[in-house]
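Visitor: Please read through the structure below; I'll follow up with questions.
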Amino acid sequence: MTIVAAADGSALGNPGPAGWAWYVDDTTWAAGGWPHGTNNQGELMAVIDLLDSTAHLDDDLRILCDSQYVINAVTKWMPGWKRKGWRKADGSPVLNRELLERLDRAVQGRTYTFEWVKGHAGHELNEAADVRARAVATAYQKGEPIPIGPGWPGRARADEATGEVIEGTAPAAAGVGAAQESVELDLFGDLEAEELSAAETDAEAVVRLERELLDPAVRADASRVAALLHPDFEEIGRSGRLWGRDAIVQEIAADDGAAAAGLDVLGTEALSPGIILLTSRTVDARGSSLRSSLWLRVDGRWRLRFHQGTPEAE
């Protein structure tokens, strides 16, 4: 069987509020983006997420793409760039290296073909992907909820970039509002390789991901937050309100400018293989809270299934 999907990117202003999307049908699509990025970055991320979202399947993949840049990068330019240390023929650095390296990893072992389609020419799948990518860019522009889509049926969302991006700049250390954060955090949070090294224990991986969820640059992108949450995620918040996954994703994304909360790990307990309970304390502008987080391993990737936060009495 061959999966046929369109992948597209959009940037308002290029660079500007940016979105990406891949589309199979109305029940199988995903989207994400950044407050600031480029069209090329959106095009790359759409293909990356499509590959990651279908990595568990044996089906061939036919990718409809209106970006000659992406197609040529994969089919023509990548081997030469890699041999030259990710530099072009004139010696200048290759733009979007981080995303391109990730795309290179995503295609390894996959059976896929690219098909160029003319953009904005009435192609049904391409138009559907374009509409969704542009909807994300527009949502970031207007400060509205980000339409991330259902993803692949029955599977947790893969991964997306976060924060702002400026094409061609090297990633800096994580921090709020840094122009190049998006690509760095996207690679750091590569959910195809959440365990960054064999030396990292399950408990260390869970603590790392818990800290990532508290990072303002990660929380700025609804799609990135969604990637870290189990599809059946639930949270009992500080106020006692019960939140579902979609509601908490949109609430976090709307919490613009929130400062990072400090995390003090109190303990980790493996309840059974693939299930870890993390207890911790956070301190932010609202005060101190005790946290309980239940992390599950799904398809080899850790996802937060349940969280409860309880304010500490002063």
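The values are calculated or read from the model by the stated rules, or taken from the named source; none is laboratory data. Because the structure is a prediction, the values reported are computed rather than measured. Positions of Cβ are generated from backbone atoms using ideal geometry, with glycine treated the same way; all protein chains shown enter the neighbour counts.
Visitor: Kindly indicate the residue of segment 259-270 that is modelled with pLDDT under 75 and touching a helix residue (DSSP H, G or I) at 6+ places or on another chain (Cβ under 6 Å) and also surrounded by the fewest Cβ atoms within 10 Å (Cβ to Cβ) among those meeting that condition. Working first, answer last.
Guide: Of all residues in segment 259-270, those modelled with pLDDT under 75 come to 259-261.
Still in the running and touching a helix residue (DSSP H, G or I) at 6+ places or on another chain (Cβ under 6 Å): 260-261.
Working: ALA260: 17, ALA261: 19.
Going through the qualifying residues, I end up with ALA260.
Visitor: Then there is this: In segment 90-112, what residues are among the aliphatic types (A, V, I, L, M) and in contact with a Gly (Cβ under 8 Å, 6 or more places away or on another chain)?
Guide: Taking segment 90-112 and keeping what is among the aliphatic types (A, V, I, L, M), we get 94-95, 99-100, 103, 106-107.
Across segment 90-112, the qualifying residue is only LEU95.
Visitor: Applying the selection to segment 64-95, what residues are in contact with a Phe, Trp or Tyr (Cβ under 9 Å, 6 or more places away or on another chain) and over 29 Å from THR2 (Cα atoms)?
Guide: ARG87, LYS88, PRO93, VAL94
Visitor: Let me ask something additional. Would you check if ASP52 is closer than 21 Å to GLY149 by Cβ and touching a residue at least 12 places away in the same chain (Cβ under 8 Å)? Step through it out loud before you land on a result.
Guide: On the way: closer than 21 Å to GLY149 by Cβ: yes; touching a residue at least 12 places away in the same chain (Cβ under 8 Å): yes.
Against the criterion (closer than 21 Å to GLY149 by Cβ and touching a residue at least 12 places away in the same chain (Cβ under 8 Å)), ASP52 qualifies.
Visitor: Also, quick follow-up: Can you tell me which condition GLU98 does not meet? The list is (1) closer than 26 Å to LEU12 by Cβ; (2) buried (at least 19 other Cβ atoms within 10 Å of the Cβ); (3) at pLDDT 90 or above, and all the others hold.
Guide: (3)
Visitor: Among (1) in contact with a helix residue (DSSP H, G or I) (Cβ under 9 Å, 6 or more places away or on another chain); (2) of a type in the set (Gly, Ala, Ser); (3) assigned to a loop (DSSP other than H, G, I, E, B), there is one condition ALA137 misses while meeting the rest; what is its number?
Guide: In the conditions (1) in contact with a helix residue (DSSP H, G or I) (Cβ under 9 Å, 6 or more places away or on another chain); (2) of a type in the set (Gly, Ala, Ser); (3) assigned to a loop (DSSP other than H, G, I, E, B), ALA137 misses (3) alone.
Visitor: Name the residues in segment 30-72 that are more than 29 Å from GLN141 (Cα to Cα) and out of contact with any Asp or Glu (no Cβ under 9 Å at 6 or more places or on another chain), would you?
Guide: Selection gives THR54, LEU57, ASP58, ASP59, ASP60, LEU61, ASN72.
Visitor: Outside any strand (DSSP E or B), touching a strand residue (DSSP E or B) at 6+ places or on another chain (Cβ under 6 Å), farther than 26 Å from PRO231 by Cβ and not hydroxyl-bearing (Ser, Thr, Tyr): does that describe GLU43? Give the steps one after another, and end with the answer.
Guide: Details: outside any strand (DSSP E or B): yes; touching a strand residue (DSSP E or B) at 6+ places or on another chain (Cβ under 6 Å): yes; farther than 26 Å from PRO231 by Cβ: yes; not hydroxyl-bearing (Ser, Thr, Tyr): yes.
Considered against the rule, which asks whether it is outside any strand (DSSP E or B), touching a strand residue (DSSP E or B) at 6+ places or on another chain (Cβ under 6 Å), farther than 26 Å from PRO231 by Cβ and not hydroxyl-bearing (Ser, Thr, Tyr), GLU43 comes out as yes.
Visitor: If I filter segment 105-132 down to residues being within 19 Å of LEU12 (Cα to Cα) and of a type in the set (A, V, I, L, M), which single residue comes out as surrounded by the most Cβ atoms within 10 Å (Cβ to Cβ)?
Guide: Looking only at segment 105-132, we keep the residues that are within 19 Å of LEU12 (Cα to Cα), and these are 119-120, 126-132.
Pick out the ones that are also of a type in the set (A, V, I, L, M) and you get 128-129, 131.
Working: ALA128: 19, ALA129: 31, VAL131: 14.
Across segment 105-132, the extreme among qualifying residues is ALA129.
Visitor: Which condition number in (1) small (Gly, Ala, Ser); (2) in contact with a strand residue (DSSP E or B) (Cβ under 6 Å, 6 or more places away or on another chain); (3) at pLDDT below 95 is the one that ALA5 fails?
Guide: Result: ALA5 passes all but (3).
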